[in-house]
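Q: Have a look at this one before I ask anything.
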Amino acid sequence: QVQLVESGGGLVQVGGSLRLSCAASGRTFRSDGMGWFRQAPGKEREFVAGLSWNSGSTYYADSVKGRLTISRDNAKNTVYLQMNNLKSEDTAVYYCARHVGGTAWFPVSSYDYWGQGTQVTVSS
(Lines give C-alpha, C1' and ligand atoms only; values in the text may rest on other atoms or scores of the structure.)
Protein backbone atom coordinates (compact mmCIF):
# COMPACT_ATOMS: atom_id res chain seq x y z
CA GLN A 1 0.00 0.00 0.00
CA VAL A 2 1.42 3.33 -1.06
CA GLN A 3 1.45 6.01 1.58
CA LEU A 4 2.61 9.63 1.72
CA VAL A 5 2.78 11.19 5.17
CA GLU A 6 3.37 14.88 5.71
CA SER A 7 4.73 16.39 8.91
CA GLY A 8 6.25 19.61 10.19
CA GLY A 9 3.25 21.88 10.09
CA GLY A 10 2.30 24.15 12.95
CA LEU A 11 1.70 27.69 14.13
CA VAL A 12 4.27 30.33 13.24
CA GLN A 13 4.38 34.11 13.24
CA VAL A 14 4.61 36.24 10.12
CA GLY A 15 8.19 36.24 8.89
CA GLY A 16 8.94 32.90 10.50
CA SER A 17 10.01 29.59 8.98
CA LEU A 18 8.85 25.99 8.85
CA ARG A 19 10.15 22.87 7.17
CA LEU A 20 7.61 20.36 5.94
CA SER A 21 8.50 16.74 5.26
CA CYS A 22 6.76 14.13 3.14
CA ALA A 23 7.80 10.55 3.78
CA ALA A 24 6.86 7.90 1.25
CA SER A 25 6.34 4.22 2.02
CA GLY A 26 5.02 1.21 0.20
CA ARG A 27 7.03 1.91 -2.91
CA THR A 28 9.96 4.01 -3.91
CA PHE A 29 9.39 7.39 -5.48
CA ARG A 30 12.99 7.88 -6.49
CA SER A 31 12.10 7.88 -10.18
CA ASP A 32 9.06 10.12 -9.75
CA GLY A 33 8.53 13.82 -9.71
CA MET A 34 6.91 15.12 -6.55
CA GLY A 35 4.89 18.20 -5.72
CA TRP A 36 3.48 20.25 -2.88
CA PHE A 37 0.03 21.77 -2.93
CA ARG A 38 -1.98 23.76 -0.43
CA GLN A 39 -5.62 24.42 0.28
CA ALA A 40 -6.93 27.30 2.33
CA PRO A 41 -10.48 27.30 3.77
CA GLY A 42 -13.04 28.00 1.08
CA LYS A 43 -10.47 27.87 -1.70
CA GLU A 44 -9.41 25.31 -4.27
CA ARG A 45 -6.28 23.27 -3.86
CA GLU A 46 -3.40 25.04 -5.57
CA PHE A 47 0.07 24.11 -6.76
CA VAL A 48 2.96 25.37 -4.63
CA ALA A 49 6.13 23.64 -5.82
CA GLY A 50 7.33 20.69 -7.87
CA LEU A 51 10.59 18.79 -8.24
CA SER A 52 11.76 16.31 -10.85
CA TRP A 53 12.99 12.87 -9.83
CA ASN A 54 16.66 13.84 -10.00
CA SER A 55 16.17 17.35 -8.56
CA GLY A 56 17.27 18.72 -11.90
CA SER A 57 14.13 20.80 -12.41
CA THR A 58 12.04 22.78 -9.96
CA TYR A 59 8.76 24.60 -10.40
CA TYR A 60 7.14 27.20 -8.16
CA ALA A 61 3.95 29.18 -7.97
CA ASP A 62 4.66 32.89 -8.41
CA SER A 63 3.30 33.62 -4.94
CA VAL A 64 6.03 31.55 -3.23
CA LYS A 65 9.09 32.13 -5.42
CA GLY A 66 12.07 33.21 -3.38
CA ARG A 67 10.49 32.13 -0.09
CA LEU A 68 9.75 28.40 -0.42
CA THR A 69 12.20 25.75 -1.55
CA ILE A 70 11.42 22.16 -2.50
CA SER A 71 14.06 19.46 -2.17
CA ARG A 72 14.31 15.71 -1.81
CA ASP A 73 16.45 12.99 -0.30
CA ASN A 74 15.92 9.90 -2.43
CA ALA A 75 17.89 7.73 -0.01
CA LYS A 76 15.26 8.53 2.62
CA ASN A 77 12.34 8.54 0.18
CA THR A 78 11.45 11.96 1.55
CA VAL A 79 10.55 15.30 0.00
CA TYR A 80 10.86 18.60 1.85
CA LEU A 81 9.40 22.08 1.63
CA GLN A 82 11.45 24.76 3.35
CA MET A 83 9.23 27.75 4.03
CA ASN A 84 10.85 31.09 4.90
CA ASN A 85 9.49 34.60 5.40
CA LEU A 86 6.01 33.21 5.85
CA LYS A 87 2.99 35.41 5.27
CA SER A 88 -0.54 35.17 6.64
CA GLU A 89 -1.76 34.18 3.17
CA ASP A 90 0.40 31.05 3.38
CA THR A 91 -2.03 29.66 5.97
CA ALA A 92 -3.44 26.42 4.55
CA VAL A 93 -3.31 22.65 4.70
CA TYR A 94 -0.25 21.51 2.76
CA TYR A 95 -0.23 18.28 0.77
CA CYS A 96 2.50 16.37 -1.01
CA ALA A 97 1.71 14.27 -4.05
CA ARG A 98 3.32 12.14 -6.74
CA HIS A 99 3.55 13.71 -10.17
CA VAL A 100 2.43 11.62 -13.13
CA GLY A 101 5.29 11.69 -15.62
CA GLY A 102 4.75 13.52 -18.88
CA THR A 103 2.00 15.80 -17.55
CA ALA A 104 1.97 19.45 -16.65
CA TRP A 105 3.17 20.31 -13.16
CA PHE A 106 0.55 22.77 -11.99
CA PRO A 107 -2.82 20.96 -12.30
CA VAL A 108 -4.15 18.84 -9.44
CA SER A 109 -5.10 16.23 -12.03
CA SER A 110 -1.41 15.63 -12.83
CA TYR A 111 -0.91 13.92 -9.46
CA ASP A 112 -2.14 10.53 -8.36
CA TYR A 113 -0.92 9.65 -4.86
CA TRP A 114 -1.64 12.19 -2.10
CA GLY A 115 -0.82 12.57 1.57
CA GLN A 116 -3.35 13.48 4.24
CA GLY A 117 -2.02 17.02 4.66
CA THR A 118 -0.43 19.07 7.42
CA GLN A 119 -1.80 22.36 8.74
CA VAL A 120 0.30 25.51 8.51
CA THR A 121 -1.02 28.57 10.32
CA VAL A 122 0.77 31.91 10.05
CA SER A 123 -0.32 34.48 12.60
CA SER A 124 0.27 38.22 12.50
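Q: Please give the per residue accessible area of the chain, computed with a probe of 1.4 Å over protein heavy atoms only, in Å².
A: Details: 6190 Å² over 124 residues.
Dividing the accessible area of the chain by its residue count gives 50 Å².
Q: Related question: Report the residue, chosen from A97, A23, A49, that carries the largest GNM mean-square fluctuation when the chain is represented by alpha-carbon nodes joined by springs under 10 Å.
A: Fluctuation is largest for A23.
Q: Share of the chain's accessible area from carbon and sulfur, percent, 1.4 Å? Numbers along the way, then the final one.
A: On the way: 2960 of 6190 Å².
Its accessible area is 48 percent carbon and sulfur atoms.
The values are calculated or read from the model by the stated rules, or taken from the named source; none is laboratory data. From a predicted model like this one, the values you see are computed outputs, not experimental measurements. To get the accessible areas, we keep the full protein, side chains included, count just its heavy atoms, and leave off ligands, DNA and RNA. Shrake-Rupley method; radii C 1.70, N 1.55, O 1.52, S 1.80 Å.
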